[in-house]
Amino acid sequence: MLSEQIAFGGIYLPLFLAFLAATGLIYLLIQPLLLRSRAHRLFWHPALAGAAFFIILLASLMLVFGP
């Protein structure tokens, strides 16, 4: 079972912060592919679609790897 906190240099950080960091890295890797394929043209508001995609990635990571 995973703990709810991560000790980093004597500072306890929430596990959610690790999920946010991992999601950010995945999002940064996938974002150029989405821009190159012009997927943003399918949405009314591209920035809102990007935020929704980030939340979907975050929820998926937490579902698969969460406590």
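May I ask you to list the residues in the range 35-67 that are free of Cβ contacts under 8 Å to residues at least 12 places away in the same chain and open to solvent by less than 90 Å² (accessible area, probe 1.4 Å)? Result: 37, 39, 40, 45, 46, 47, 49, 51, 52, 59, 60.
A quick yes/no check of all residues on (1) touching a Phe, Trp or Tyr at 6+ places or on another chain (Cβ under 6 Å); (2) closer than 18 Å to residue 63 by Cβ; (3) modelled with pLDDT of 90 or more:
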site	(1), (2), (3)
1	no, yes, no
4	no, yes, no
9	no, no, no
13	no, no, no
19	no, yes, yes
26	no, yes, yes
35	no, no, no
40	no, no, no
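If the condition is being among the aromatic types (Phe, Trp, Tyr) and open to solvent by 100 Å² or more (accessible area, probe 1.4 Å), then the range 1-32 contributes 8, 12.
Taking the numbered list (1) in a helix (DSSP H, G or I); (2) in contact (Cβ under 8 Å) with a residue 40 or more places away in the chain in turn, residue 25 passes all entries but (2).
Residue-level analysis places residue 12 outside the set of residues that are hydroxyl-bearing (Ser, Thr, Tyr) and touching a residue at least 12 places away in the same chain (Cβ under 8 Å).
The values are calculated or read from the model by the stated rules, or taken from the named source; none is laboratory data. All values derive from a computational prediction rather than experimental measurement. When we count neighbours, we look across all protein chains shown, and the Cβ atoms used for this are built from the backbone with ideal geometry, even at glycine. Calculation scope for accessible area: heavy atoms of the full protein, side chains included, ligands and nucleic acids excluded. Shrake-Rupley method; radii C 1.70, N 1.55, O 1.52, S 1.80 Å.
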